[in-house]
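Written out below as C-alpha cells is the structure these notes cover.
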Amino acid sequence: MSTLMTDLATGLLEGMVKVVDLTQTLGPNTPIIHLPEEIAVNSPPFSMKEISKYDDNGPAWYWNVITLGEHTGTHFDAPIHWVSGMDYADGGTDTLPVQKLVGPACVIDCSTEVAADNDFVLTADHVKAWEKQHGDIAKGSWVLMRSDWLKLKGCENFLNADDTGPHSPGPTACCIAYLIEKDVLGWGVETVGTDAGQAAMFEVPFPAHSMMHGANKYGLASLTNLDQLPPTGSIVIAAPLKIENGSGSPLRVLALKTD
Ligand code: MN
C-alpha cells in the first residue's frame, strides 16, 4: 500500500492535515459582477425556490430549485470562458483534465497594500520579490492573491463601485505574462472576478481573463479565508460542476494544509 496515501489518511483522521474552506456562502445576497449594459447582458442573481419541505409537496424530503449564472459566488473560470480560450478541446467544465483539479498553492499576501489602496495591482516584480522570500513558484501551482477582501468591504460593498466603475485589486498584464511563463495552473482571487475592477481600462484589457485563458489556464474568483493558508505548502481542491460545454461553475473550494 502507498505510504503517501496512508500518511494522508492518518493526517486527515488525526487532524495533522487540516481542511480549510475557501468558499463564500452562496445565496440571494451573493454579489454579481456588473458589466456595462452597452456592451453586455448581465447575469441574474442567485435564486432558490422550494419544491417541497416535509409537506404536501413531498412528505419526507426537502429540496429546492436553484437558478444562477455560471460565474456566481465562489466560482471557477474555465478556458472557454474567454474568446482567447475558445478553441481548447479540454477547456470546458466537462473536458478539463481532472488531474489538474487538485494542485499546490502559492499564496501572495497583498492584504496590507489592498487596505491602503483598493485599486492595488500586483506586478511581476511583486511576484519575483515573493519568490525571493518563499521560493520559486513551481509549475502547475495555483497562484492566489490574498486581499482579505470580504473582511475589508463586507458583502454590501463587495463590488466597491462608484461612478468611475468598480475599484478592486488584481494583476497587471506583466504579472500574468510572468505566471504563464512559470506554467502555473491558474490564478485565484478573493474579489468578484479574477481581474482588477479597473481592468477594462488596462493596456491589455482583462489580462487575467484574456491571457490566462488564452494559455489554457484557470481562474478562481470570490475565494475567502486565504489568510488561513501558508505562503506555500497547501493543496487546493477546485473541481467545477461537470456542466456540458460549461464556461465555469460555482464550486466548493477546499485546501489541505499542515500547521
Ligand atoms: Mn468568472
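The values are calculated or read from the model by the stated rules, or taken from the named source; none is laboratory data. All values derive from a computational prediction rather than experimental measurement. Cβ sites come from the backbone with ideal geometry, for glycine too, and all protein chains shown count toward neighbours. Areas reflect the complete protein model, heavy atoms only, side chains present, ligands, DNA and RNA absent. Shrake-Rupley method; radii C 1.70, N 1.55, O 1.52, S 1.80 Å.
Is at least one residue of the stretch 18-29 in a strand (DSSP E or B) and either open to solvent by 70 Å² or more (accessible area, probe 1.4 Å) or touching a Phe, Trp or Tyr at 6+ places or on another chain (Cβ under 8 Å) (or both)? Yes, the conditions are met somewhere in the stretch 18-29.
Take the stretch 158-177 and flag every residue that is over 19 Å from the mean Cα position of the chain (by Cα) and on the phi < 0 side of the Ramachandran plot. The answer is Ala161, Asp162, Asp163, Thr164, Cys174. For the stretch 196-209, the set of residues classified as open to solvent by 10 Å² or more (accessible area, probe 1.4 Å) and within 13 Å of the ligand (Cβ to nearest atom) consists of Phe206, His209, listed by residue number.
For residues that are within 13 Å of the chain's Cα centre (by Cα) and over 16 Å from Gly214 (Cα atoms), scanning just the stretch 57-105, find the one that is farthest from the ligand (Cβ to nearest atom). It comes out as Ala105. Suppose we keep only residues that are open to solvent by 80 Å² or more (accessible area, probe 1.4 Å) and among the aliphatic types (A, V, I, L, M) within the stretch 1-11. Which one would you say is farthest from the chain's Cα centre (by Cα)? Per the stated criteria, the residue is Met1. The conditions of being at pLDDT below 95 and surrounded by fewer than 19 Cβ atoms within 10 Å (Cβ to Cβ) are not met by Met86.
The set of residues in the stretch 45-82 being touching a Gly at 6+ places or on another chain (Cβ under 6 Å), farther than 17 Å from His34 by Cα and either acidic (Asp, Glu) or without any contact (Cβ under 8 Å) to a residue 12 or more places away in the chain (or both) consists of Ser52 alone. The requirement of being away from the ligand (no atom under 15 Å from the Cβ), at pLDDT 95 or above, crowded, with 23+ Cβ neighbours inside 10 Å and assigned to a loop (DSSP other than H, G, I, E, B) is fulfilled nowhere in the stretch 235-243; no residue meets it.
Listed by first and then second residue, the pairs with beta-carbon distance under 7 Å, at least 6 apart or on different chains, first residue in the stretch 110-133 and in contact (Cβ under 8 Å) with a residue 24 or more places away in the chain and assigned to a helix (DSSP H, G or I), second buried (at least 20 other Cβ atoms within 10 Å of the Cβ) and basic (Lys, Arg), are Ser111/Arg146. Residues of the stretch 193-214 that are assigned to a loop (DSSP other than H, G, I, E, B) and on the phi < 0 side of the Ramachandran plot: Gly193, Thr194, Asp195, Ala196, Gly197, Gln198, Phe202, Glu203, Val204, Pro205. All told, Leu35 meets the bar of being at negative phi and within 16 Å of the ligand (Cβ to nearest atom).
Residues that are outside any loop (DSSP other than H, G, I, E, B) and β-branched (Val, Ile, Thr) were ranked within the stretch 50-73; the one that is most open to solvent (accessible area, probe 1.4 Å) is Ile66. Inspect all residues belonging to the stretch 136-150 and state whether any of them is touching a residue at least 12 places away in the same chain (Cβ under 8 Å) and in a helix (DSSP H, G or I). Scanning the stretch 136-150 turns up at least one residue that is touching a residue at least 12 places away in the same chain (Cβ under 8 Å) and in a helix (DSSP H, G or I).
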